[in-house]
């Protein structure tokens, strides 16, 4: 089977990113990735790979190629700009007189 | 199990949340759940009658033999993900086998290991389909389709068994074989309605597996004797046929018209394949009796 083409051009199944929401979690968290021939089978493979120990109550799968990622080399310009911009934090501001419950 | 409920020996075993050690699962530990485990069955005070034990032995042997067969796929799956899927299914089946064999052995003072490792071929009560070789991936999926649809229908009925332990094991097994069924159907659809080659192989796989279907639905004297503790297999046939027909139709496959194999697994008569399977499964336990790890 491994050398039987499953898709049109390639004999490797496409890659999927798996997001699992745990029973105690509020949002889906990236759990890992896997290969599967289509979305339905990706969900099932994700169930087998990432919810073996009662971890999850919900799974999302997303084609890896549908994800646009930030460039790791552009880390400086992307993520360091907020540094020094204290005014973006609430703690920068002094409390006005008479304001309660802050 | 004809015993009337008494305060000291309730007929229905307590499988509630508080009855197992895992009930105290903490927030920092993932709970393995509260389903019935073989370890719980081993310490039960209730013992099945000989007939019910023989019936449980059949159910256990079906699952044990197929678990061993599916285990052969590990490291040989078409993709590592499918390797894991088949391995998972095998382990589910092994779990069912452990519960049923533990319960059956309870009647005869034997452990699950005594029954799994120290019986010979003619003492196994599994039907022929379970011991058939894996073949290519299509053959394995054809066998999975038949077995999983059958076991789903069977366990759905056994949940109402008059024997509370068989009912409890079946309730746990049902959720798992329901997933096996889904897995087999998904693949049958993809292989049947996939490429010309996958369609050809899937149809050939069905032809290969179909002679073993009828045996699953044969009634016999033991089934009559256990009565409400078990299920008459013939009563599952109509639903099985309807479900299989719908799947094959959607998968553009044809229901094979082939003569049935003789069968006889329920009487201990097997195809030539079971002996080799058991030799591999039992060699370690027999070479080092009593060894643990």
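Observations
- Residues in the stretch B:79-106 that are within 14 Å of another protein chain (Cβ to nearest Cβ) and within 16 Å of residue B:144 (Cα to Cα): B:82, B:83, B:84, B:85, B:86, B:87, B:88, B:89, B:90, B:91, B:92.
- Look at (1) without any contact (Cβ under 8 Å) to a residue 40 or more places away in the chain; (2) surrounded by 24 or more Cβ atoms within 10 Å (Cβ to Cβ) and you find that residue B:138 fails only one, number (1).
- Test: residue B:70 is in contact (Cβ under 8 Å) with a residue 40 or more places away in the chain and part of a helix (DSSP H, G or I): yes
- For residue B:135: the one exception among (1) within 12 Å of chain A (Cβ to nearest Cβ); (2) over 30 Å from residue B:43 (Cβ atoms); (3) part of a helix (DSSP H, G or I): (3)
- Within the option set A:42, A:74, being at pLDDT 95 or above and in a helix (DSSP H, G or I) holds for one residue only, A:42.
- Unique match (being out of contact with any helix residue (DSSP H, G or I) (no Cβ under 9 Å at 6 or more places or on another chain) and either in contact (Cβ under 8 Å) with a residue 12 or more places away in the chain or part of a helix (DSSP H, G or I) (or both)) among B:92, B:83, B:113: B:83
- Residues satisfying the stated conditions in the stretch B:236-266, i.e. free of Cβ contacts under 8 Å to residues at least 40 places away in the same chain and assigned to a helix (DSSP H, G or I): B:237, B:238, B:241, B:242, B:245, B:246, B:249
Results for (1) over 16 Å from residue B:135 (Cβ atoms); (2) surrounded by fewer than 16 Cβ atoms within 10 Å (Cβ to Cβ); (3) in contact with a helix residue (DSSP H, G or I) (Cβ under 6 Å, 6 or more places away or on another chain), shown as yes or no for each residue.
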residue: B:172; (1), (2), (3): yes, no, no
residue: B:179; (1), (2), (3): yes, no, no
residue: B:204; (1), (2), (3): no, no, no
residue: B:216; (1), (2), (3): yes, no, yes
residue: B:227; (1), (2), (3): yes, yes, no
residue: B:242; (1), (2), (3): yes, yes, no
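The values are calculated or read from the model by the stated rules, or taken from the named source; none is laboratory data. The structure displayed is predicted, hence computed values, not measured ones. A quick note on method: Cβ atoms are made from the backbone with ideal geometry, for glycine too, and the neighbour counts reach across all protein chains shown.
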